[in-house]
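Engineer: Below is a structure I'd like to ask you about.
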């Protein structure tokens, strides 16, 4: 069992306190800015917080999560989307399948974050967005030793040939918007 992965009550991922930290509307707006997006892949969808926000904007949304319990939660919250059980490091989709690939709080949980980014690059057509907790010791989110330093994320991006990125510091998160 990967100690970095979320193992708590899925309902906690949709608590009002956590939803306020996520700034969902702002994250989605930044993710989609200056693009014409028809479909999106939500990698590590969890309870489909971001998949739901993308679907509410009329996008064709697919979500994938390693945890079958999470995909069941996701299906209940976003019945119009498609959800599959699978790993970020082995996405079961053809090359260039999605306009946008969104990885929300996935890299810090991945056993192979470089491979997860490589897979995101493979299946994305226009943009990849990575949302991560800041490298700070905080009450909310994962412990500091599970978080990734910005320099580590930027090195991973460059190693995958993802040179065209910008880092956006939100109130409680770090967002990386990567152009392909």
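Since every read-out is calculated from the coordinates, none of them should be taken as a lab result. This one's a predicted model, so the numbers in the text were calculated from it and none came from an experiment. Please note: Cβ atoms are built from the backbone with ideal geometry, for glycine as well, and neighbour counts cover all protein chains shown.
Engineer: Taking each pair of different alpha-carbon atoms in segment 77-166 once, compute 1/r for the pair, average those values, and report the inverse of that mean as the Kirkwood hydrodynamic radius in Å to one decimal.
Structural biologist: It works out to 14.1 Å.
Engineer: In addition: Please rank 157, 41, fewest neighbouring Cβ atoms within 10 Å first, as an exposure proxy.
Structural biologist: Numbers: 157 22, 41 26.
Listing 157, 41 from fewest to most nearby Cβ atoms yields 157, 41.
Engineer: Shifting gears a bit: Run through all the Cα pairs of segment 29-125 and give the fraction in each 5 Å bin from 0, expressed as whole percent.
Structural biologist: That works out to 3, 15, 27, 26, 20, 8, 1, in percent per bin.
Engineer: Follow-up question, since we're still on this one. Taking the Cβ of each residue in 137, 65 as the centre, tally the other Cβ atoms inside 10 Å and list the residues starting with the fewest.
Structural biologist: Values: 137 10, 65 27.
Taking fewest neighbouring Cβ atoms as first place, the list is 137, 65.
Engineer: Relative to the present Cα-Cα distance, how much length would full extension add between residue 179 and residue 38 at 0.36 nm per residue of separation?
Structural biologist: Between residue 179 and residue 38, full extension yields 49.1 nm more.
Engineer: What FRET efficiency, computed as 1/(1 + (r/R0)^6) with R0 = 22 Å and r the Cβ-Cβ distance, is obtained for residue 145 and residue 75, rounded to the nearest 0.05?
Structural biologist: 0.10
Engineer: Here is a follow-up. How many percent of the alpha carbon pairs in segment 113-158 exceed a separation of 13 Å? Please report the intermediate quantities before stating the final value.
Structural biologist: Working: 623 of 1035 pairs.
Counting pairs separated by more than 13 Å, the tail of P(r) holds 60 percent.
Engineer: Percent of Cα-Cα pairs more than 30 Å apart in the chain, please.
Structural biologist: 8
Engineer: Test of understanding: ordering 147, 18, 164 by Cβ neighbours within 10 Å, fewest first, what list do you get? Walk me through the numbers before you get to the answer.
Structural biologist: Values: 147 20, 18 14, 164 11.
If I rank by nearby Cβ atoms, fewest first, I get 164, 18, 147.
Engineer: Students often check this: by mean Cβ neighbours within 10 Å, which of 167-173, 100-106 ranks highest, and how do the rest follow?
Structural biologist: Per-residue Cβ counts within 10 Å, averaged per peptide and sorted highest first, yield 100-106, 167-173.
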